[in-house]
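What follows draws every value from the coordinates through simple rules; no lab data is involved. As the structure is a prediction and not an experimental result, all values here were calculated from the model. Glycine gets a Cβ as well: all are built from the backbone with ideal geometry, and neighbour counts include every protein chain shown.
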Amino acid sequence: MIGVIGIALLALPLLITLRIIAARSEPPTGWLATDAAGLLELKRVDAGLLLDWIGGVPDGQNIETALASEAYATAYALTLFAPDLDDREQAMFLVRLAEALAEKDEDRAARLFVLAGQVALASPYIDDIARAQVLLQTGDGLDRLGERTAALRDWQQVSILARFAPEMSPPVREALLQQLMERYQASGETARVAAVQEALQAIGMRDLGTVKPVPIDTRPAPAPWPPFVLERVQARQQIAREIRFALQTGGTPAWDQLQTALMEEEAAIQTWLADPEEPNPFGRQERYRRWVQQMRLLSRGVLGEGHLPLWEARRSEFDLIAAQLWNQRELEIHLALQDRSPDEQAITERVWLEARLHAVLTFSDPGASRDGLYVRLADVNGMVTEDARLRLIMQEDDTMNLRYWRLPIGYFTGQIDAYEVFR
């Protein structure tokens with residue numbers, strides 16, 4: 001079985017009545033609910049572009065090609081499963097995909113705009129400036145689609161970031177607020193215009209606190225493939241390119257050879273993972289997780305049903321391995337934190353739980369419970385009182401059922417009231 005060795009390795013404005021929730025068992029049901037897996041259209045994925053992907057074309061380049069050729073189902077599948085995109089790139093590709101679909105499928109475009117904004121909010125690895133830029137664009141897209149309420153909420157989050165994110169420079173705060181001013185003026189939101197004008201005058205007048213460093217790296221860099229694994233990877237890529245050429249020229253695609261190459265590649269990877277003399281176990285595990293992510297998409301029949309029968313039969317197995325790898329990494333983080341101070345433990349755990357919530361949102365972690373993770377995050381947020389990073393919270397929302405926000409710590413300690421945060 002794949003993975004056994006590897007796992008062992010290792011009003012006032014709309015929101016003045018905001019209510020933070022602890023847990024909810026049912027999936028999102030609002031019409032703009034963010035169900036990343038539910039937006040997949042696997043039968044519409046272009047097998048040729050997928051062959052390019054497993055043939056060695058970089059993730060971003062392949063998604064660009066899919067967008068340019070209007071292969072939107074392919075672009076979306078790659079955006080979810082491409083292992084080497086960072087979180088900001090993933091959010092931006094979702095924005096671009098939503099923009100491309102806005103005149104063709106308004107419902108899908110609106111959901112993608114919402115998903116992009118939520119992806120940007122959930123990730124602890126996107127800085128607040130990039131987060132704000134994504135949310136400006138998602139708000140713009142939703143507004144063009146007539147979803148004014150959802151747009152205002154994304155812009156409201158930009159306002160919160162511009163006023164309370166501790167690491168922004170005054171010029172950046174001013175630029176973001178000016179951009180919000182233009183949008184509110186164009187939308188006739190006079191009360192919000194006045195609030196932004198006050199915020200512009202108050203830049204630099206509030207002590208926003210300091211950000212404490214995260215003592216444990218919760219996202220290790222992937223280790224490079226060793227030569228004997230790289231040889232198998234390159235062999236698989238070559239066969240994928242040959243199949244792509246055969247499909248383009250009317251030849252006979254060697255699907256059986258591709259399946260054999262994948263099996264040989266997997267065997268080499270397992271040998272590498274099992275070697276106790278190999279350094280960097282965390283990096284090896286991350287490299288393996290990314291490989292499994294790619295295999296998860298292949299196992300869903302996207303190259304054509306029946307072309308990789310052994311892989312397709314292992315769809316649930318690959319999902320299980322992905323979930324186990326997330327669990328394994330969490331265990332390793334907890335072990336690494338044993339000798340750290342309670343504050344360091346809480347700061348690290350908060351970042352890690354946000355990362356897993358992001359992974360659940362994007363279907364990268366198919367096994368964790370969103371609600372269980374959020375209950376834990378809410379507890380940890382209450383333990384960290386000195387770090388000024390904005391807190392990730394989940395709130396009931398009438399259009400998408402549940403929505404992420406990032407709010408200043410002062411909101412929770414009573415130093416900043418709801419009116420000031422959400423005006």
Separation between Cα centres of region 273-306 and region 373-423, rounded to whole Å | 35
Applying the Karplus parametrisation 6.51 cos²θ - 1.76 cosθ + 1.60 with θ = phi - 60° to the phi angles of region 153-164, what ³J(HN,Hα) value in whole Hz is obtained for each residue in order, glycine and proline being reported as x?
-> 6, 5, 5, 4, 5, 4, 4, 4, 4, 5, 8, 10
Scaled radius of gyration (Cα, divided by 2.2 N^0.38 Å) that the chain gives = 1.04
State the volume of the convex hull built on the alpha-carbon positions of region 286-423, expressed per residue in Å³ and rounded to an integer.
-> 136
Rg and Dmax of region 227-338 over Cα atoms: what are they, in angstrom?
-> 16.2, 60
So what is the calculated 222 nm ellipticity per residue for the chain, using -39500 (n - 2.57) for each DSSP H run with n of 4 or more, over all residues, to the nearest 500 deg cm²/dmol?
-> -20000 deg cm²/dmol
Residue order, fewest to most surrounding Cβ atoms within 10 angstrom, among THR260, THR252, THR210 = THR252, THR210, THR260
Extension length gain for GLU167 and SER69 (0.36 nm per residue less Cα distance), in nm, is 31.3 nm
Efficiency of FRET between THR399 and ALA246 - r from beta-carbon atoms, R0 35 angstrom, step 0.05 = 0.15
Over region 32-137, the quotient of the Cα radius of gyration and 2.2 N^0.38 Å is 1.01
Virtual spin-label span in nm between GLU41 and SER341, 7 Å along Cα→Cβ | 5.3
Packing-based exposure ordering (other Cβ within 10 Å, fewest first) of VAL211, VAL360, VAL114 = VAL211, VAL360, VAL114
What is the extension gain from VAL211 to GLN197, computed as 0.36 nm multiplied by their sequence separation minus the C-alpha to C-alpha distance, in nm to one decimal?
-> 2.3 nm
When THR79, THR385 are arranged by how many other beta-carbons sit within 10 Å of their Cβ, fewest first, they go THR385, THR79
Net charge near ARG406: determine it from the other residues with C-beta under 9 Å of the C-beta of ARG406, scoring Lys and Arg +1 and Asp and Glu -1.
-> +2
Share of alpha-carbon pairs per 5 Å distance bin for region 42-202, given as whole % = 2, 9, 18, 18, 17, 13, 10, 6, 4, 2, 1
